[in-house]
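First the structure, in the form of structure tokens, and then the observations on it.
The values are calculated or read from the model by the stated rules, or taken from the named source; none is laboratory data. Given the structure is predicted, the values throughout are model-derived calculations rather than measurements. All Cβ positions, glycine included, derive from the backbone under ideal geometry; neighbour counts span all protein chains shown. Side chains included, ligands, DNA and RNA excluded: accessible areas come from the protein's heavy atoms. Shrake-Rupley method; radii C 1.70, N 1.55, O 1.52, S 1.80 Å.
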Number of protein chains: 2
Amino acid sequence: MTNQKPLVGAAIIGQSGGPSSVINASAYGVIKTALESDCITRVYGANHGIMGVLNDRLMIMDEEDPKELELMLHTPSSALGSCRYKIADPDADDTDYKRILEIFQKYNVRYFFYNGGNDSMDTCNKISRYMKKVGYECRVFGVPKTIDNDLFGTDHCPGFASAAKYIATSFMEVSRDSKVYDKGMVTIVECMGRHAGWLTAAAALAAEKGDGPDLIYLPEVNFTMEQFVSDVERVYKEKGNCLVAVSEGVHYADGSFVSEAKTSGTDGFGHAQLGGLAARLANVIKEDLGVKVRGIELSLLQRCAAHCASATDIDESFRSGKAAVEAAVAGETGKMVGFVCDRENGYECRCELFDLEKVANFEKKVPLEWITPDGSNVTADFIQYCSPLIRGETALRYEDGLPRFVHLKKVFAE
Amino acid sequence: MTNQKPLVGAAIIGQSGGPSSVINASAYGVIKTALESDCITRVYGANHGIMGVLNDRLMIMDEEDPKELELMLHTPSSALGSCRYKIADPDADDTDYKRILEIFQKYNVRYFFYNGGNDSMDTCNKISRYMKKVGYECRVFGVPKTIDNDLFGTDHCPGFASAAKYIATSFMEVSRDSKVYDKGMVTIVECMGRHAGWLTAAAALAAEKGDGPDLIYLPEVNFTMEQFVSDVERVYKEKGNCLVAVSEGVHYADGSFVSEAKTSGTDGFGHAQLGGLAARLANVIKEDLGVKVRGIELSLLQRCAAHCASATDIDESFRSGKAAVEAAVAGETGKMVGFVCDRENGYECRCELFDLEKVANFEKKVPLEWITPDGSNVTADFIQYCSPLIRGETALRYEDGLPRFVHLKKVFAE
């Protein structure tokens, strides 16, 4: 559906959902390419995603110093601000869409790029359909981001690899630390991933290097406390130590999250227990096996550790943003940029376009055949898939021994 | 007390206490210098510190590949193994000392280097005194290590700066992440340091860069929950967000740790609550202020994050180990290597010797005049002190996108 007529107007880029180490690299790919495009007259950054459009809070990216903007490549979190606003179905309530159209018309916005995960692709898709319906010509593009790696279609998602690299690196380090004493210890590390186990599985990259987890539990398979305790006991007896990677999303067969089950742990009175899953599982092991145990939650650190980002991820994120602008200028719309990769002859990754309609709201999980039959580890297939993604180290600039992150002027329109 | 007669014999290096990112750099300084010394006939690594001596588990470092050994510079945790064994007072029970002497005689050990913190310096001192008492000529040296930075005499301790750099870097990243939404959040990050607040104070380096904590609580001053809640409320109202750095060792005026107080939080029944201090404080804020809140515990990550080590720290750690061997060969004994620094005309750090007798068992805390009068931050004096220590990035080698840590052959004597 390539439209050859050049479409001249302004562009908006917005960021949405949970941030990552490289979402700004994607946004910079959009901003830099848009600023250099002849068709795009002005580039606006929506402050806090779609909320920035609804509230008419648009930052003029043309006003930023190009050298400073370049630091977005290595700055974690969403430099334009993010939101978690769930937009209504336009058929049920079109209030927001009317307002978006009003803003698009006000600033002659003809290009809209939305940088985020599943929900953001859904927002993007709804806006695209609405604009088509009301006949307002605007090229709408999704630029993917999610450390969860659960977007449909694309080989992997920008942001996943950097989080994976941080997780594998941290496991290597924690493994060395937790096994240092003459007396053994069980260490349980909780990784993000509510519904998909990609991030937790990344700990297996550390195990490949001899310094990783002995056991890995993903939300793709049902969790049983008995099997978990028995697995830990077996490894501890054999090795004198045990390091566990567990996804925050592990759940029992009835679907209830282990982290939320009210009857686990010491407190049978239904009191809300403090601490997350790692602390709970640590407590169970301590009570059942009587060994020294420590629970660690990687928490926000795993999604914002730009100092440990993958150079491959940074490069691909930038390219995905660039590809979105190029495709939009060439006439495409209603698409998300994704990756198609070849791992047969070295690693090769190219950008392709996927229909937003197909991408939105479908979660891609770790294939069951990549999980060992006993449900406590991943196979070599996962390693082969993930290993090339984490290659290369960031070229982050340091000042006084600390990262130099971007500081935007944030000049608002009007 | 320099003894000019060259003392010929073997050397033992042991590591003890909690590991750090750079304790192996210190040990490598000892090992490399000892291997190159004409007086030192063989270099043994005690497996798990003094336990390795007591159990006759000595690794022959001469058998290791020099290229592989060099990787110790960038490998976290204690490559020789650590222990937490508290040695008895020789006047009360000299069993261990007789055994140590037996092993020293068996292998003709004339040099003993012990790499650790307060307790290790105490062990070292006791061994030194015992050997003098029984007339066994052996040069005994402490090589300092502690992320807690609480050793007496020395300007700072190897290991502190790398943990400080990791903490400041992580605060910069978490700050960006936690302030990304249009809706505010209180984020509470718990740092190590049971009795001294040096590590928590390091978060102030991030604040210097505009991405750090709004509030910092150290164990050097008494904590009150009322003041804490009021401080957080004030900042949150003013900025719409609040980021807090808190030491695990904060305590009430009666000395009881906030992390252990049974009556805090929701559970008034005295049940052991899961999760650490950050989770507890987060819960208090959630209940009292009703805002979104997240608790993060940096846990082991802060003491083993070699990928984020300070190049200054690595260099100084190596030099401290080297200086210990050189001084021992020159005839010194019963000393710890420490640092004397000049920050007036740039930063300069030189090794000096401190009497083990004076160092052992004295904890150096953050000076009270470096803490703001309201007890919720540190002053510019701390920044000036700490900033030069975290400069420079590690030259860690990567393979397949992950750190290449040392793998010792571990050839045991006999």
Notebook entry, point to check: Cα axis of helix B:225-239 to longest principal axis of chain B: angle in degrees, 0 to 90, nearest 10?
Noted result: 70
Margin query: I'd like the interface area for chains A and B: accessible area of each alone minus the complex, both sides summed, 1.4 Å probe, protein heavy atoms only. What is it in Å² to the nearest 100?
Written below: 5700
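Given B:Lys86/B:Lys106; A:Lys179/B:Lys67; A:Lys322/A:Lys358; A:Lys32/B:Lys292; A:Lys145/B:Lys239; A:Lys126/B:Lys179, which pairs have Cα atoms separated by over 32 Å?
Long pairs (Cα-Cα over 32 Å): A:Lys32/B:Lys292.
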Next item on the list: Using θ = phi - 60° and the Karplus relation 6.51 cos²θ - 1.76 cosθ + 1.60, list the HN-Hα couplings for segment A:6-15 in order, rounded to whole Hz, with x at every Gly or Pro.
Entry: x, 9, 9, x, 8, 10, 10, 10, x, 10
Note to self: At 1.4 Å probe radius, can you tell me the per residue accessible area of chain A in Å²?
What the structure shows: 36
Notebook entry, point to check: Relative to the longest principal Cα axis of chain B, at what angle does helix B:118-134 sit, 0 to 90 degrees, rounded to 10?
Noted result: 20
Note to self: Using a Gaussian network model on chain B with a 10 Å cutoff between Cα atoms, which of B:Tyr347, B:Tyr44, B:Tyr28 fluctuates the most?
What the structure shows: B:Tyr347
Notebook entry, point to check: What accessible area, in Å² to the nearest ten, does a 1.4 Å probe give for B:Ser310?
Noted result: 0
Item checked: Distance between segment A:323-351 and segment A:118-190 - C-alpha centres, whole angstrom -> 18
Check: Which of the residues in segment A:80-117 lose at least 10 Å² of accessible area when you go from the chain alone to all protein chains together (probe 1.4 Å)?
Finding: A:Ser82, A:Cys83, A:Arg84
Item checked: Options A:Cys39, A:Tyr28, A:Val359, ranked by Cα towards positive dipole end of chain A, top entry (Cβ charges) -> A:Cys39
Next item on the list: State the percentage of accessible surface on the protein assembly as shown attributable to carbon and sulfur atoms; use a 1.4 Å probe and exclude ligands, DNA and RNA.
Entry: 48
Next item on the list: First obtain the Kirkwood hydrodynamic radius of chain B from its Cα pairs, then insert it into the Stokes-Einstein equation at 10 °C and 1.306 mPa s, and state the resulting D in µm² per second as a whole number.
Entry: 71
Margin query: Between helix B:23-36 and chain B, what is the angle of the helix's C-alpha long axis to the longest principal axis, kept within 0 to 90° and rounded to the nearest 10?
Written below: 20
Next item on the list: Mind giving me the FRET efficiency for A:His407 and B:Glu137? R0 is 56 Å, r the Cβ-Cβ distance, nearest 0.05 is fine.
Entry: 0.35
Check: Taking every DSSP beta bridge that has both residues in chain B, what percent is antiparallel when rounded to the nearest 5?
Finding: 35
Margin query: Taking amide H atoms as placed 1.01 Å from N in the peptide plane, list the residues 5 or more away in sequence, or in a different chain, whose amide H sits under 5 Å from that of A:Phe112.
Written below: A:Ile12, A:Arg139, A:Val140, A:Phe141
Check: How many angstrom separate the Cα center of segment B:358-414 from the Cα center of segment A:35-108?
Finding: 41
Notebook entry, point to check: Based on the inverse mean of 1/r over its pairs of different Cα atoms, what is the Kirkwood hydrodynamic radius of segment A:1-152, in Å?
Noted result: 15.4
Notebook entry, point to check: Which net charge results when you count Lys and Arg as +1 and Asp and Glu as -1 among the other residues whose beta-carbon is under 14 Å from that of B:Ala168?
Noted result: -2
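Once every DSSP H run of n ≥ 4 in the protein assembly as shown is given -39500 (n - 2.57) and the sum is divided by its residues, what mean residue ellipticity at 222 nm do you get, rounded to the nearest 500 deg cm²/dmol? Spell out each step's value before the answer.
Values: 28 runs with 284 residues, N = 828.
Value at 222 nm, helices only, nearest 500: -10000 deg cm²/dmol.
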Item checked: Accessible area in the full protein assembly, largest first, 1.4 Å probe, for B:Val134, B:Val406 -> B:Val134, B:Val406
Notebook entry, point to check: Can you give the convex hull volume of the alpha carbon atoms of segment B:163-255 per residue, in Å³?
Noted result: 79
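Using only alpha carbon pairs under 8 Å that are at least six residues apart, calculate the relative contact order of chain B and give it in whole percent.
24
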Note to self: Taking amide H atoms as placed 1.01 Å from N in the peptide plane, list the residues 5 or more away in sequence, or in a different chain, whose amide H sits under 5 Å from that of B:Val366.
What the structure shows: B:Gly197, B:Trp198
Note to self: Need one value: the accessible area of A:Phe362 in square angstrom, 1.4 angstrom probe, rounded to the nearest 10.
What the structure shows: 100
Note to self: Residues of segment B:171-195 losing 20 Å² or more of accessible surface, assembly versus chain alone, probe 1.4 Å, please list them.
What the structure shows: B:Met172, B:Glu173, B:Val174, B:Arg176, B:Asp177, B:Val180, B:Tyr181, B:Asp182
Check: Per residue in segment B:380-414, which ones lose no less than 20 Å² of accessible surface when going from chain alone to all protein chains (1.4 Å probe)?
Finding: B:Ile390, B:Arg391, B:Glu393, B:Tyr398, B:Asp400, B:Gly401, B:Leu402, B:Pro403, B:Phe405, B:His407
Check: Can you run phi through the Karplus equation (6.51, -1.76, 1.60; θ = phi - 60°) for segment A:282-288 and list ³J(HN,Hα) in whole Hz, with x for Gly and Pro?
Finding: 4, 5, 4, 5, 4, 6, 7
Margin query: If the only charges are +1 at each Lys and Arg Cβ and -1 at each Asp and Glu Cβ, what is the size of the charge dipole of segment A:65-215 around the Cα centre, to the nearest 20 debye?
Written below: 440
Next item on the list: Per residue of segment A:50-66, in order, report the coupling 6.51 cos²θ - 1.76 cosθ + 1.60 (Karplus, θ = phi - 60°) as ³J(HN,Hα) in whole Hz, putting x for Gly and Pro.
Entry: 5, 4, x, 6, 4, 9, 6, 10, 10, 8, 7, 6, 4, 7, 7, 5, x
Item checked: Interchain or long-range residues, amide H under 5 Å from A:Gly295's placed H -> A:Ile188
Next item on the list: Report, in debye and to the nearest 20, how large the dipole of segment A:287-414 comes out about its Cα centre when Lys and Arg carry +1 and Asp and Glu carry -1 on their Cβ.
Entry: 480
Margin query: I need the Kirkwood Rh of the protein assembly as shown: take the reciprocal of the average 1/r across all distinct C-alpha pairs and report it in angstrom.
Written below: 28.1
Next item on the list: Determine the shielding of peptide B:294-300 by partner chains: average, over its residues, the number of Cβ atoms on other chains within 10 angstrom of each Cβ.
Entry: 6
